[in-house]
Each structure stands twice: as structure tokens, then as C-alpha cells.
Amino acid sequence: MKRILFLFLLVCANLLAEDPFIPAPKAKTMIYVTTGVGPLLITPSVGAGYRSRHGSFGVDISLSTSTLYLIVSEIQGTIDLTYTPTPSWDNPFYTGLGIAGGCYLSRWGGVTWSVSPDFVVGKEFTGFFGVKQFVELRAQVPHWSPSENDISLFPATYMSYGIGF
């Protein structure tokens, strides 16, 4: 029994050992700026963020703002965990799940805070001169507003185009 346990541990140790001649894959990171529409599809928005991916999994942190013709403005931050099913491709699709929080500022002085789950689907691609770019669609529903103690089931959708540095 001791020999079987010893052989099992030896095999597991060899399978889990890192080969010193094969370099570990580097994390793919980028700082980016975005432009698009959202939370309503007629509302222009701009933003910036940081994305890091190691293998199939990654994290995306962003901050964006949008305004509906100076009547209502929104400032929002998101943190998403992303999954890329084909990380070896140069232009992969990705999906993610996270949390979004921010505030809506109205022209009449009202401030409404909100927190919601954030669902994202996107595609990265390489443009001219090797510039990393992406397009993505975000959906956030339901919204919980602690300042009003209310839950809204109206979906906020965002479409954006981003350029990475």
C-alpha cells in the first residue's frame, strides 16, 4: 500500500511540475478608452479601463460616463471577471460577469445611486498597425438603488467600441 501511494504521489508530482524549458504564458493586459451608447441606446457615452487576461480568464475594470442632453448624467464603474474560450486566437470572443455601481445626476439636483449585476459579451480584434481594439455589448438588470430602497427591472444596455494602448 505504501508503494502504491508513493507511486501515485510521484506521478502526480511529475504531472504538476513546471518544465523549466517552457516559459510560462504572459498575461495580456491593456489600458483602453471607449466610446459608445448607453444606458439608453440614444445616450452617448465615453469611458476608460484596464483589462488583464491570463489564459482563458481575466479581469476588466472600467469607469464610464454618459449624458442625456444635460438632463440626466451617469457616472459608473464596473468590475468584471471575463472568460475567453479561445485564448490562443489573435482575435478572441469573450464573455464576462461582474458588478456595476454608479450614480445618476439629474439637472434638478437629484442624485440616485445604483448597484447591479453586469453581463458582457465582446470581441477583440487587431486593427491597423497592430492596435488592439474591441466591440462589446453590456446588459445590467436588475438595478438596486440604496438611496431610494427600490429595485428596477428596466435593463440598461451599453454598446461600445474600444481602443487599447
- Note on the structure: Over the range 96-122, the set of residues within 20 Å of the chain's Cα centre (by Cα) and among the hydroxyl-bearing types (Ser, Thr, Tyr) is Ser114, Ser116
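What's the total number of residues in the range 109-135 that are within 24 Å of Met30 (Cα to Cα) and free of Cβ contacts under 8 Å to residues at least 40 places away in the same chain?
Total satisfying the criteria: 15.
Results for (1) touching a helix residue (DSSP H, G or I) at 6+ places or on another chain (Cβ under 6 Å); (2) within 22 Å of Ile42 (Cα to Cα); (3) among the charged types (D, E, K, R); (4) exposed (fewer than 14 other Cβ atoms within 10 Å of the Cβ), shown as yes or no for each residue.
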position	(1), (2), (3), (4)
Thr67	no, yes, no, no
Ile71	no, yes, no, yes
Ser88	no, no, no, yes
Tyr94	no, no, no, no
Ser114	no, yes, no, no
Lys123	no, no, yes, yes
Phe129	no, no, no, yes
Leu137	no, yes, no, no
Asn149	no, no, no, yes
- Message: As an exercise: evaluate Ala48 against (1) within 20 Å of Leu153 (Cβ to Cβ); (2) modelled with pLDDT of 95 or more and give the number of the one condition it does not meet.
- Response: (1)
- Message: Can you pull out every residue in the range 96-108 that is outside any loop (DSSP other than H, G, I, E, B) and loosely packed, with under 14 Cβ neighbours inside 10 Å?
- Response: Leu97, Ser106
- Task: Please work out which one of (1) small (Gly, Ala, Ser); (2) in a loop (DSSP other than H, G, I, E, B); (3) in contact (Cβ under 8 Å) with a residue 60 or more places away in the chain is the condition Ser88 fails and give its number.
- Result: (3)
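Residue check: is Phe125 part of a strand (DSSP E or B), aromatic (Phe, Trp, Tyr), over 13 Å from the mean Cα position of the chain (by Cα) and over 14 Å from Thr157 (Cα atoms)?
So Phe125 fits the description; yes.
Return the total of residues in the range 52-65 being buried (at least 16 other Cβ atoms within 10 Å of the Cβ) and of a type in the set (Val, Ile, Thr).
Qualifying residue count for the region: 1.
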- Does the range 103-119 hold any residues that are in contact with an Asp or Glu (Cβ under 7 Å, 6 or more places away or on another chain) and β-branched (Val, Ile, Thr), and which are they? Thr112
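The values are calculated or read from the model by the stated rules, or taken from the named source; none is laboratory data. Keep in mind that what you see is a predicted model, and the values were worked out from it rather than measured. For neighbour counting, all protein chains shown are included, and Cβ atoms are generated from backbone atoms with ideal geometry for every residue, glycine included.
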